[in-house]
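The values are calculated or read from the model by the stated rules, or taken from the named source; none is laboratory data. Source: prediction; values computed, not measured. Note: ideal-geometry Cβ built from the backbone for every residue, glycine included; neighbour counts use all protein chains shown. Just the protein is used for accessible areas: all its heavy atoms, side chains included, with ligands, DNA and RNA removed. Shrake-Rupley method; radii C 1.70, N 1.55, O 1.52, S 1.80 Å.
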Amino acid sequence: MKFMVTWTIAPEHYKAAVKRFLKTGAPAPKGMKTIGRWHTAGSTRGFHLVEGSEAALAEINAEWADLLDLQVVPVVEDDVAGAVAAKVIGKK
């Protein structure tokens, strides 16, 4: 499954979060693949699109929960969303 992880860094945790990121590179754990990661320039927000197991998702979130406010949303691509929408409204 794919998940969009959005994070916000509280100002008091900004330096610690940046130091950890620069030191580790924030690799995805076993069972998780990073599809893309984006940082909003000049901001404390970012986005991490990952694919993998719920256990790996829980692990990566636990690794950063002390510094980041994390929001996780499961996501699907257009073909899946379109097929579901067509089914729901009765079209095939």
**Message:** Need pairs with beta-carbon distance below 7 Å; first residue farther than 15 Å from Arg45 by Cα and within segment 12-29, second of a type in the set (S, T, N, Q) and exposed (fewer than 10 other Cβ atoms within 10 Å of the Cβ); sequence gap 6+ or separate chains.
**Reply:** none
**Asked** In segment 78-89, is there at least one residue being touching a strand residue (DSSP E or B) at 6+ places or on another chain (Cβ under 9 Å), surrounded by 12 or more Cβ atoms within 10 Å (Cβ to Cβ) and outside any loop (DSSP other than H, G, I, E, B)?
**Response** no
**Request:** Go through (1) within 15 Å of the chain's Cα centre (by Cα); (2) touching a residue at least 40 places away in the same chain (Cβ under 8 Å); (3) exposed (fewer than 15 other Cβ atoms within 10 Å of the Cβ) and name the single condition Ala62 misses.
**Result:** (2)
**Item:** Tally, over segment 32-54, of residues that are modelled with pLDDT of 95 or more and either farther than 29 Å from Val76 by Cβ or touching an Asp or Glu at 6+ places or on another chain (Cβ under 8 Å) (or both)
**Value:** 3
**Evaluation of Ser43 against (1) within 16 Å of Ile9 (Cα to Cα); (2) outside any loop (DSSP other than H, G, I, E, B) (one fails), failing number** = (2)
**Asked** Residues of segment 41-56 being over 13 Å from the mean Cα position of the chain (by Cα) and surrounded by 11 or more Cβ atoms within 10 Å (Cβ to Cβ), which ones?
**Response** Thr44, Ala55
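Give segment 29-40 a look and list any residue that's assigned to a loop (DSSP other than H, G, I, E, B) and open to solvent by 80 Å² or more (accessible area, probe 1.4 Å), or say none. Before you say what the answer is, go through the steps one by one.
We begin by selecting, within segment 29-40, every residue assigned to a loop (DSSP other than H, G, I, E, B); these are 29-31, 40.
Within segment 29-40, just Lys30 meets the criteria.
Can you pull out every residue in segment 49-92 that is small (Gly, Ala, Ser) and within 14 Å of Phe3 (Cβ to Cβ)?
Here is the first cut: in segment 49-92, the residues small (Gly, Ala, Ser) are 52-53, 55-56, 58, 62, 65, 81-83, 85-86, 90.
Of everything in segment 49-92, those that are small (Gly, Ala, Ser) and within 14 Å of Phe3 (Cβ to Cβ) turn out to be Gly52, Ser53, Ala55, Ala56, Ala58.
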**Request:** Filter segment 8-28 down to the residues that are more than 19 Å from Gln71 (Cβ to Cβ) and assigned to a loop (DSSP other than H, G, I, E, B), then identify the one that is nearest to the chain's Cα centre (by Cα).
**Result:** Pro27
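Quick one: which of Gly46, Gly42 is out of contact with any strand residue (DSSP E or B) (no Cβ under 6 Å at 6 or more places or on another chain) and either over 12 Å from Phe3 (Cα atoms) or without any contact (Cβ under 8 Å) to a residue 24 or more places away in the chain (or both)?
Working: Gly46 fails: out of contact with any strand residue (DSSP E or B) (no Cβ under 6 Å at 6 or more places or on another chain).
Being out of contact with any strand residue (DSSP E or B) (no Cβ under 6 Å at 6 or more places or on another chain) and either over 12 Å from Phe3 (Cα atoms) or without any contact (Cβ under 8 Å) to a residue 24 or more places away in the chain (or both) holds for just one of Gly46, Gly42, which is Gly42.
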